[in-house]
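No value in this document is a laboratory result; all are computed from the given coordinates. Quantities reported herein were computed from a predicted structural model and do not represent experimental measurements. We place every Cβ from the backbone using ideal geometry, glycine too, and count neighbours over all the protein chains shown.
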Amino acid sequence: MTAHYAHDEIQRTDLRPADEVMRLERIGSFFPTRLSFMRTLIRRLAHERSHLKRPVWEMDADGYGRAVYSIDYGGHTYSLIAFSTRLDPENRTDRVIAEAWDASFVLFDGLPTREDIHRNQENAPKQEAGRFTDRELTLSRANKSVRIFDHTVDALAGGRQPRQKMVRDIGYLMRTTAVYGNGKFGIADRTKTQHRKHMSAPFQAEMLTVWLIRTFSHDLVEHVAKMKNPTDAVRLAKNIKRHLGIGNSTGLGMAPFLVNHPVLLNNWMMVRETALARVRATKKIDPHVTQKLVQRATSHLLEWNVQDHLQTKRILQLREDWGVLHKDRNWMSKAKPWDALFAASRLFGLECQELTVALALEANGPLIDGLADCMDCGLEPQLNPSMSTSEITQIIKDHAAWALKSDFTKTTETAKFWYVSAEKLEPRLGDRYNEPGAEKESPLDVARQIQNLAHDLHGHPKTSVAEFLMTYPQHRRTTRRLQILARFPYAEIRDNMISDKCKPIDMLRCKLSFFGASKFDPKSDRWTRITLYQGAPLHDELGEGADDWWLPCFAP
Amino acid sequence: MMRSQNEIVSMATKAARGAGHLSSLAEDMGRATLWLCENGFDGVGALIEEIRSNNGPVEYQTGEDGITLSGGSAACLAVCAMDGLAAGISQSAILKNTENPLMLLGVCAIMSLDLQTGVKLGDWAKLGHGELVALSENPPTSDCTFRLLTKTKPVMIESDIRQIDIADHRWSVLETLAARTYVPATAESRTKGAGAGLTDND
């Protein structure tokens, strides 16, 4: 894919309307794309040919100790400081309520001194109970997948590779259970690195952390095997190592983020939709590359197996839809081939439609990759008090009619409430009519608040927002959201977040797809396991062409 | 203990909510607290004083002298005054509550940044685009008249972000108030949360 586009060559179709895109069911069908944050990071690292060093490796024979990995990137040095500690099996849990983990990590801004390492060794294993400084950019922890970790140690020590089925079915040696950033527990605020161009895209420090943790997990398993059998142990084969990503259990903690950052959400979506519109308008296609990607997606779907009944049904349907959609290649000879494929995909389910979007983007990197620079946002716009109440009413009619559809007098429409748990200060979802605490509800009931505002606006048709809010200060937040929505169409998820039909898993999949996660493995309607960086380049593979790892498949 | 910006804003916002302030106002109070701390004022002290103060409805009158605002907390009055001035309801706004001048200053500072304007708080303070331009030694003791300043130049804020030391006993007060927004996890929540229901040693 070496095509280059002059600016005036780039056309685009209309964007998909927000009423179509911003529905829970659709965003809950998203797939990772080349605009996902992990992909952006890898492209930039590859472009710089960043070189990873391991200045500290102090591990005992059982793999307990500490390590430091340092990488030069964008004119700065970043270091992962890793601590591996012994953990009794009965204390191993992926739950956020855990108090001990197999490994803990910080991403350090610079090259740490012995004192920095020591200070973090005192704190990182305690995670939320520790305290950090603004030299630390992220804080994370991970547990081993004991089954595959121990098996891999035994296999490598015995001169063999781990069983391929196990590598394919599990796909990681360690699972992270949290990656904290932006000032949590005293670590650096995002504002510290936001102005660094290579860190301006969302979640880059977190993505870098996880990529380095993956390297650590590979090194650790090889180290323990080597210690077990110094003479005959072998290293992981490249293809196996590459398929071993990092697992993750993701719960409700992620969901409110999308509601609380409307402009950021808009920007992610706007870039994705703009990219799609560009690709639909192009007449260019590389049939060879495209067919290779279609085949890869087909293989990936065959390797995507989960226990969840509903997701299994969706995967089976997707495999069938994808097969029918790509039964022939006639679409490739149309005047606007990608538009033709996109139109054809709309006859199938949402998973198939969104996989088609991801395919279209993947095959057209030169046309869209530059858009990845537009996914961040500066300060969220604040209230415009000069606007009139009639303008707010018009905004509701034009942009928030979806919010007026729910009947909030029905208990089904107010069945749930979001709250922050006293135990771990994490977002949770409660059953309003069967669980206590609804009076402490977090304000994620956007549709209901818009209805309440619309109701109170009736009596004040011709006044300024400023004057209206002096009487109704409770509507300040919602008024601001509506003003944002008028300018940023993808800023709101256009569904009722407290309905009995609301499935948080849809929000999680949306956000995780923007991270670049794959193999969504829902364990309930409110948490999922995923893999990160599966198939991604290893640290010694950064270079031209390194970023070709969309929907990886295990090819022994 | 040293606290990050995000910790201060989050905790201050939650504390204000826990004390019964509206979510939108609590967010402004959180940001104002950080601004005060960053500018060398006792932001947490101002917040604690604020959340213990009158949280009733704002009353306002429009007369020849401009808008007169009374009732409500200092933060709420400051927000209403800045909104009203920015909307052109009048050229000046008289605030009847000046019991917590620091919070007035903090809220006006963040709103002058949001509204990209300057503001004069009586003879006490001048703010421009989120920056303190002038401050006299004597805060207002009775009514305070706000006026927008049209000639304040925008200031490029070159923030050299550093963490801020907040006394632990002060932080504890905020934590106690914030805890009022938390809900004890139920058995239902535990059985449905991330990582639940699986063998973690797999």
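Hey, what did the stretch A:65-207 get for relative contact order, percent, Cα under 8 Å, at least 6 apart?
Relative contact order for the stretch A:65-207 comes out at 21 percent.
Would you mind ranking A:Arg23, A:Arg480 so that the residue whose beta carbon has the fewest other beta carbons within 10 Å leads the list?
Values: A:Arg23 17, A:Arg480 21.
Arranged by neighbour count, lowest to highest, A:Arg23, A:Arg480 become A:Arg23, A:Arg480.
Show me A:533-540, A:456-463, B:6-13 ranked by packing, highest mean number of other Cβ atoms within 10 Å first.
Ranked from most to least packed, the peptides come out as B:6-13, A:533-540, A:456-463.
Where in the stretch A:335-378 does the label zone of A:Asp286 land, with the point 7 angstrom along Cα→C-beta and an amide N cut-off under 16 Å?
A:338, A:359-370
Only Cα pairs under 8 Å and at least 6 apart count here; give the relative contact order of chain A as a rounded whole percent.
Numbers: 997 pairs, mean separation 130.8, N = 556.
Relative contact order of chain A: 24 percent.
If the only charges are +1 at each Lys and Arg Cβ and -1 at each Asp and Glu Cβ, what is the size of the charge dipole of chain A around the Cα centre, to the nearest 20 debye?
Dipole size: approximately 800 debye.
Of the listed peptides A:319-332, A:59-72, A:36-49, what is their order by residue-averaged count of other C-beta atoms within 10 Å, with the highest listed first?
A:36-49, A:59-72, A:319-332
Given a cut-off of 31 Å, name the pairs among A:Lys292/A:Lys501; A:Lys126/A:Lys416; A:Lys144/A:Lys511; A:Lys126/A:Lys511 whose C-alpha atoms lie farther apart than that in the structure shown.
Going by Cα-Cα distance, A:Lys292/A:Lys501; A:Lys126/A:Lys416 fall outside the 31 Å limit.
Just from its helices, what would the mean residue ellipticity at 222 nm be for the protein assembly as shown, if runs of 4 or more DSSP H residues each count -39500 (n - 2.57) and the sum is divided by every residue, rounded to the nearest 500 deg cm²/dmol?
-12000 deg cm²/dmol
Need one value for A:419-427: mean number of C-beta atoms belonging to other chains within 10 Å of its residues' C-beta atoms.
Working: counts 6, 6, 8, 6, 7, 3, 6, 4, 0.
Across A:419-427, the average partner-chain Cβ count within 10 Å equals 5.
Once Rh is set to the Kirkwood radius over Cα pairs, what Stokes-Einstein translational diffusion coefficient, in µm²/s, holds for chain A at a temperature of 20 °C and a viscosity of 1.002 mPa s?
It diffuses with D of about 86 µm²/s by this estimate.
Per-residue Cβ counts within 10 Å, from other chains only, averaged over A:185-195: what number is that?
Details: counts 3, 7, 4, 5, 10, 4, 5, 5, 0, 1, 1.
Mean inter-chain Cβ contacts per residue within 10 Å come to 4.
Nearest 20 debye, what's the magnitude of the dipole of the stretch B:2-149 about its Cα centre given +1 on Lys and Arg Cβ and -1 on Asp and Glu Cβ?
240
Could you tell me which of A:Trp101, A:Gln483, A:Thr298 has its Cα farthest along the dipole of the protein assembly as shown towards the positive end, charges placed at Cβ (Lys, Arg +1; Asp, Glu -1), taken about the Cα centre?
The residue sitting farthest along the positive end of the dipole is A:Thr298.
Could you give the angle, 0 to 90 degrees to the nearest 10, between helix A:114-123's Cα long axis and the longest principal axis of the Cα atoms of chain A?
On a 0 to 90 degree scale, this one is about 60.
Compute the long axis of helix A:476-487 from its Cα atoms, compare it with the longest principal axis of the Cα atoms of chain A, and write down the angle in degrees, 0 to 90, nearest 10.
In chain A, helix A:476-487 runs at an angle near 80 degrees to the longest axis.
Counting only other residues whose beta carbon sits under 10 Å from that of A:Phe342, what net charge do I get with K and R as +1, D and E as -1?
Numbers: positive: A:Arg16, A:Arg280, A:Lys336, A:Arg346; negative: A:Asp339.
Net of charged neighbours comes to +3.
Give me the percent relative contact order of the stretch A:419-536, please, defined on Cα pairs under 8 angstrom at least 6 residues apart.
Value for the stretch A:419-536: 17 percent.
Can you list the HN-Hα couplings for the stretch A:528-545, worked out from phi with the Karplus curve (6.51, -1.76, 1.60; θ = phi - 60°), rounded to whole Hz and with x for Gly and Pro?
9, 9, 9, 10, 10, 6, 5, x, 6, x, 7, 4, 9, 10, 6, x, 4, x
Would you mind checking the tilt of helix A:504-515 against the longest principal axis of the Cα atoms of chain A, expressed as 0 to 90 degrees and rounded to 10?
Orientation of helix A:504-515: about 60 degrees from the principal axis.
How crowded by other chains is B:23-30, given as the mean number of beta carbons from other chains within 10 Å of each beta carbon?
Across B:23-30, the average partner-chain Cβ count within 10 Å equals 4.
I want to verify the translational diffusion coefficient of the stretch B:2-149 in µm²/s; compute it with Stokes-Einstein, Rh as the Kirkwood radius over Cα pairs, at 10 °C and 1.306 mPa s.
107
What size of dipole, in debye to the nearest 20, comes out for the stretch A:442-556 about its Cα centre when the only charges are +1 on Lys and Arg C-beta atoms and -1 on Asp and Glu C-beta atoms?
Rounded to the nearest 20 debye, it is 720 debye.
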